[in-house]
Amino acid sequence: MTELKEENLIEVNEEKWTNIQLDSQILSSFMSCPCKCNYVFNRHLIPIGGVPKSYEKGQLAHIGLHEYWKERIKSGDYQIAAAIGLDAAKKASLTFTYGSRRRTRLLFYTCRVF
């Protein structure tokens, strides 16, 4: 058995942990292409073609849902809240570039059904 001498002892510093936050979009992007994930989430770059159509549609839905739930909490009436949410989404849709009126009507029809 060897003796422990003071000069052989190494001081071990405790490592500090870093919290990393990931959501499903970041994780999916990283799993499909780490380089693209770096460009999009770290460097905040977007493709030359602009923001994808699906992203704009999702953003539009979130705008409508935000206004819907804000009004629903305030008044409690789902019909008034639905009308306000749809109006907010329609106003926001004028600023988006995702394409045809047919797609926009289909999106609003889907929102009304649900």
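Each value in this text was obtained by applying a stated rule to the coordinates, not by laboratory testing. Note that this is a predicted model, so its numbers are computed, not measured. No Cβ is skipped: glycine too gets one built from the backbone with ideal geometry, and neighbour counts run over all protein chains shown.
Converting phi to 3J(HN,Hα) with the Karplus coefficients 6.51, -1.76 and 1.60 and the offset θ = phi - 60°, the range 38-49 yields 4, 4, 6, 9, 9, 9, 6, 9, 10, x, 4, x Hz in sequence order, with x at every glycine or proline. Near the amide H of F96, within less than 5 Å, lie no amide hydrogens of residues on another chain or at least 5 residues away, with H placed in the peptide plane. In plain terms, the residue of H44, H62 with the fewest other Cβ atoms within 10 Å comes first and the most crowded comes last, giving H44, H62. Taking a straight Cα-Cα cut-off under 29 Å and skipping sequence neighbours fewer than 8 places away in the same chain, the lysines within cross-link reach of K74 are K57, K90, K91.
Taking the number of Cβ atoms within 10 Å of each Cβ as an exposure proxy, the fewest-first ranking of W17, W69 is W17, W69.
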